[in-house]
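A quick write-up on the structure given underneath.
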Amino acid sequence: MSKPFDVCIRGGGVVGRTLALLLARERLRVALVARPASAAPDSGPAAPPLQDVRAYALNSASRQLLESLRAWPAAPAATAVKDMQVWGDDGGRLEFSAGSSGAALAWIVDVPALEQQLAEAVRYQPQIETVPAPVPAALSVVCEGKASSSRNEFGAAWTVKPYPQKAIAARLQSDQPHQGMARQWFSQGEVLALLPMEGDQGNSLALVWSVSVERAASLEKLSPDEFSAAVQLACGAEAGRLHLTSGRSSWPLALATADRWVGPGWALAGDAAHTVHPLAGQGLNLGLADAAALAAVLHAREYWRGLGDEKLLRRYERARKADVAAMGAVTDGLHSLFAQTDVRWQALRNWGMTGFAKSGPLKQWVTRQAMGQG
């Protein structure tokens, strides 16, 4: 008869697998509810596999966490962001640099490569067993993402503030190397980011473009050449001449949070607990910080407390909720500010960006926060 499980993690994405590896390191027996790696959507035998064009911007704290689990993808699947340029819609401009210290502002990580690294690490961890459905355990952790079906089961209400926007992701090729430069444009309520991929001297870029629902529908109908031209028009010649090299994926945007993240014998983590606008690229960093905080709380528990003790789990909720709320407020505020199309708002944004660029210590503090060194 097999030993009972200590923890059941519902969700085999990046946050779920990271948490499983952290808890297995504590000698806990973990059941991971995840689709087998070979499984694919039932779209017919002749349907080609869909290309995953997503890329994550990860800070130094996330990198250190994944490296400690031997799950950090090797180059060129992880590209250091050495510099970043941000444009406003009325001439405002900001520049950030990691300097000559050898550090990076962030790393742009190919999603399939990261998921493969985590899957391999899980495969060779004897304390983790992948299961097809939830099993009894002292603690159940929901890492199913924003569309989680388990939140209602545990009585956690989900509050959503939908944005009238969708994000479009794709991969582009430039006629010049990006040299580790990330670029972002704010214009007329849209946010377009071009993120460096495939190493320092690569010329591949990950696109994340937040646009209105109506504009997203029109962009998705464009031919590859027409879409490339639309991107080029939005960002000019700063990143070189661009052309589309992948399919496009899109998803609706929202600010959302669960009213409770924990209860007797259960906890939420990652997008199952919260989502924010992607304009700051902090979504997965927040989720990985959840995993690290929950693992730390369970590690430090009193010997007489069970894993599912609600008072114990409240420590995790308190440790994370304030940080997530602060990031949600920042991204929501920036979205609201740049969604204003009146010329007076444009002038105000330009003035604010110019002032921030000259602020010295404030700019350095924001740079450290973005690097995960705050």
Test: Asp271 is in contact with a Cys (Cβ under 9 Å, 6 or more places away or on another chain) and acidic (Asp, Glu):
yes
On the given criteria, is Ser97 touching a helix residue (DSSP H, G or I) at 6+ places or on another chain (Cβ under 9 Å), small (Gly, Ala, Ser) and at pLDDT below 95?
yes
Hey, among Ala138, Ala104, which residue is out of contact with any helix residue (DSSP H, G or I) (no Cβ under 7 Å at 6 or more places or on another chain), among the hydrophobic types (A, V, I, L, M, F, W, C) and at pLDDT 95 or above?
Ala138
Name the single residue, out of those in segment 112-140 being free of Cβ contacts under 8 Å to residues at least 60 places away in the same chain and either in contact with a Phe, Trp or Tyr (Cβ under 8 Å, 6 or more places away or on another chain) or part of a helix (DSSP H, G or I) (or both), that is surrounded by the fewest Cβ atoms within 10 Å (Cβ to Cβ).
Arg123
Within segment 156-173, can you find the residues that are buried (at least 18 other Cβ atoms within 10 Å of the Cβ) and under 29 Å from His243 (Cα atoms)?
Tyr163, Gln165, Lys166, Ala167, Ile168, Ala169, Ala170, Arg171, Leu172, Gln173
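Out of Leu279, Leu307, Leu334, Leu286, report the one residue that is under 18 Å from Val30 (Cα atoms), in contact (Cβ under 8 Å) with a residue 40 or more places away in the chain and not acidic (Asp, Glu).
Answer to the selection: Leu307.
How many residues does segment 256-276 hold that are part of a helix (DSSP H, G or I) and among the charged types (D, E, K, R)?
1
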Need the failing condition index for Ala169 against (1) out of contact with any Lys or Arg (no Cβ under 9 Å at 6 or more places or on another chain); (2) touching a residue at least 24 places away in the same chain (Cβ under 8 Å), just the number.
(1)
Considering residues that are assigned to a helix (DSSP H, G or I) and surrounded by 14 or more Cβ atoms within 10 Å (Cβ to Cβ), the number found within segment 196-219 is 4
Is there a residue being part of a helix (DSSP H, G or I), among the aliphatic types (A, V, I, L, M) and crowded, with 16+ Cβ neighbours inside 10 Å anywhere in segment 305-316?
yes
When you check Glu153 against the structure, is it surrounded by fewer than 22 Cβ atoms within 10 Å (Cβ to Cβ) and within 30 Å of Ala103 (Cα to Cα), yes or no?
no
Considering only residues that are more than 23 Å from the chain's Cα centre (by Cα) and assigned to a strand (DSSP E or B), look in segment 220-250 and name the one that is surrounded by the fewest Cβ atoms within 10 Å (Cβ to Cβ).
His243
Where Leu253 falls short, out of the listed (1) modelled with pLDDT under 95; (2) surrounded by fewer than 18 Cβ atoms within 10 Å (Cβ to Cβ); (3) assigned to a strand (DSSP E or B)
(2)
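The values are calculated or read from the model by the stated rules, or taken from the named source; none is laboratory data. Being a predicted model, the structure only gives us computed values, none of them experimental. As a convention, Cβ positions derive from the backbone with ideal geometry for all residues, glycine included, and neighbour counts pool all protein chains shown.
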